[in-house]
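Structure first, commentary second.
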Amino acid sequence: MTPYSCARDDYKGKEGVFLDANENPYGNLNRYPDPYQCELKSAISKMKGIPVDKIFLGNGSDEIIDLCFRIFCTPGVDKALTFIPTYGMYQVSAAANDIDLIKVALDEEFNIRYSDFQPWSDDRNLKLIIVCSPNNPTGNMQNRSVLDKLITGFRGIVLLDEAYNDFTGEPSFSENIDKYPNLIVMQTFSKAWAMASLRVGMAFASPSIIQYFNKMKPPYNISTINQKCVLKKLTSQIAVRKRINTIVAERERISAELKKIPVVMNVYKSDANFILVRTVNADDIYNYLVSCEIIVRNRNSVIKDCLRITVGTRSENNRMLNALKSIRI
C-alpha cells in the first residue's frame, strides 16, 4: 500500500513561506500538525528509553486497536482472539472490520489459562490476540510467564493493552520489544497522565510493525494542540508520579473500607485505578448511587452483580463509601 503523501512529507522545515498545503494564511491554528509527531515522539523516547522508530502515536488507544484489525486481519476471513470479560472496544472494532472475535473465558480469578487458548493455537486464520493487563473491568494483572508463553508460542500478532500499567509498579513489556518481534504494547496518556480529553495513545513495537501503522493512519491524526499539551505534561513527571501514588494509596484504603460494608459481597484485588466490587444486587445499588449523584459503572451484564468503581479524590471516595454504608439490607 502507498500511504497518502501530505505536504509536510515533502518539506519538514519550520520556517518559510508555506503555499503548499492549501492552508489559510491567517490565524494561530492555521497550519496542519506534524503528521509523525516527531518532537513528541522524541520526548517519549527519552522518557521510556525506546527508540523513536519503535513508537507510534494514535488518536487514542482506540485508533491503535482499529488499525491492528485493519492491518493484520482480512475482513470476513481471519479471526482475532481475546480473553473475557475485558475492554468492550475490542469487540466493537472487530465487528466494524468484519473480523470474527473468539472469546476465551478467564478463570474464576480472572486469569488466563494457557490450556484454554491451546485449542485455537493451530487455527491458521487466527492472526491477532488482544490481552488487557491490568484487565478492564477486573483490575488484575496477568501472569508474566503466561503472557511470555502466549507471545512466544503464537505465530501471529499479540496486542498487549497496558493502559493501567502505571498503577502497578511493575515493569512494562515495552522494555522487551526486541525479544518479541510479534508484540505490540499499547499505553495511553488518558489514565495515569490525566489527559483523557486529548486522545493520545502509544504503541511500541518493532520498526517493521510501526511502518505499517504509519502507512495506514490518517495523515494528521493528532492535533498540534494535543501534541503541545502532552509535551508540556511530560515536563511534570515528578508531579504525575505523586498523583499516581495518591491514587494507589486511595485504592488500597477504599478497598479495605468496602470490605466492611454489608451490601458488598466481594472486593477484587486491583492493580489499576479502579476496583471491581460484587454487591447483593448490582442494579439496585447502582440506581441508588445514581440517585445520590454518584456515578459508577454497572458491570452486571458482564460479570454478575458487579460494579466497577473508579478511584476518585479522597472526598469523592468518602462520599461513595458513606452512600454505600447507608444502604440497609
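The values are calculated or read from the model by the stated rules, or taken from the named source; none is laboratory data. Keep in mind the model is a prediction, meaning the values are calculated, not measured. Here the Cβ positions follow ideal geometry from the backbone for every residue, glycine too, while neighbour counts run over all protein chains shown.
Filtered by the rule that a residue be farther than 29 Å from Val248 by Cβ and surrounded by fewer than 21 Cβ atoms within 10 Å (Cβ to Cβ), the range 115-143 gives Ser115, Asp116, Phe117, Gln118, Pro119, Trp120, Ser121, Asp122, Asp123, Arg124, Asn125, Leu126. If the condition is being surrounded by fewer than 14 Cβ atoms within 10 Å (Cβ to Cβ) and not hydroxyl-bearing (Ser, Thr, Tyr), then the range 194-210 contributes Ala196, Pro207.
The strands (runs of 3 or more DSSP E) found entirely in the range 89-161 that carry 1 or more residues being of a type in the set (Gly, Ala, Ser) are 100-105. Count of the range 273-291 residues, restricted to those that are in contact with a Ser or Thr (Cβ under 8 Å, 6 or more places away or on another chain) and outside any helix (DSSP H, G or I), is 4.
Scanning the range 86-131 for residues that are over 15 Å from the mean Cα position of the chain (by Cα) and touching a residue at least 60 places away in the same chain (Cβ under 8 Å) yields Phe110, Leu128. Every condition in (1) closer than 19 Å to Tyr212 by Cβ; (2) touching a Pro at 6+ places or on another chain (Cβ under 7 Å); (3) outside any loop (DSSP other than H, G, I, E, B) holds for Asp62 except the one numbered (2). Screening the candidates Pro25, Pro33 for the property of being under 27 Å from the mean Cα position of the chain (by Cα), outside any helix (DSSP H, G or I) and either assigned by TED's automatic domain parsing to the domain that holds Asn226 or surrounded by 14 or more Cβ atoms within 10 Å (Cβ to Cβ) (or both) yields one hit, Pro33. Is it the case that Asn214 is within 30 Å of Ala7 (Cβ to Cβ), outside any loop (DSSP other than H, G, I, E, B) and not charged (D, E, K, R)? Spelling it out, Asn214 is indeed within 30 Å of Ala7 (Cβ to Cβ), outside any loop (DSSP other than H, G, I, E, B) and not charged (D, E, K, R). Residues that are at pLDDT below 95 and not aromatic (Phe, Trp, Tyr): does the range 157-168 have at least one? Within the range 157-168 (the criterion being at pLDDT below 95 and not aromatic (Phe, Trp, Tyr)), the answer is no, since none of the residues qualifies. Tell me the residue from Val290, Val302 that is under 23 Å from Thr86 (Cβ atoms) and not small (Gly, Ala, Ser), please. Being under 23 Å from Thr86 (Cβ atoms) and not small (Gly, Ala, Ser) holds for just one of Val290, Val302, which is Val302. Screening Ser5 against (1) in a loop (DSSP other than H, G, I, E, B); (2) surrounded by 10 or more Cβ atoms within 10 Å (Cβ to Cβ) leaves a single unmet condition, (2). Scanning the range 52-68 turns up no residue that is surrounded by fewer than 19 Cβ atoms within 10 Å (Cβ to Cβ), on the phi > 0 side of the Ramachandran plot and in contact (Cβ under 8 Å) with a residue 12 or more places away in the chain. With respect to Met202, is the statement that it is modelled with pLDDT of 95 or more, part of a strand (DSSP E or B), within 18 Å of the chain's Cα centre (by Cα) and under 15 Å from Leu40 (Cα atoms) true? For Met202, the condition - modelled with pLDDT of 95 or more, part of a strand (DSSP E or B), within 18 Å of the chain's Cα centre (by Cα) and under 15 Å from Leu40 (Cα atoms) - is met. In this structure, Val77 qualifies as in a loop (DSSP other than H, G, I, E, B) and under 30 Å from Trp120 (Cβ atoms). Here Asn214 meets each of (1) touching a helix residue (DSSP H, G or I) at 6+ places or on another chain (Cβ under 9 Å); (2) at pLDDT 95 or above with one exception, condition (1).
If you go through the range 172-189 one residue at a time, do you hit one that is touching a Gly at 6+ places or on another chain (Cβ under 6 Å) and either outside the structural domain of Met141 (by TED's automatic domain parsing) or among the hydroxyl-bearing types (Ser, Thr, Tyr) (or both)? Yes, the conditions are met somewhere in the range 172-189.
Filtering the range 279-293 to residues that are buried (at least 18 other Cβ atoms within 10 Å of the Cβ) and out of contact with any Leu (no Cβ under 7 Å at 6 or more places or on another chain) leaves only Leu289.
Criterion first (assigned to a helix (DSSP H, G or I) and in contact (Cβ under 8 Å) with a residue 60 or more places away in the chain) does Arg251 satisfy it? For Arg251, the condition - assigned to a helix (DSSP H, G or I) and in contact (Cβ under 8 Å) with a residue 60 or more places away in the chain - is met.
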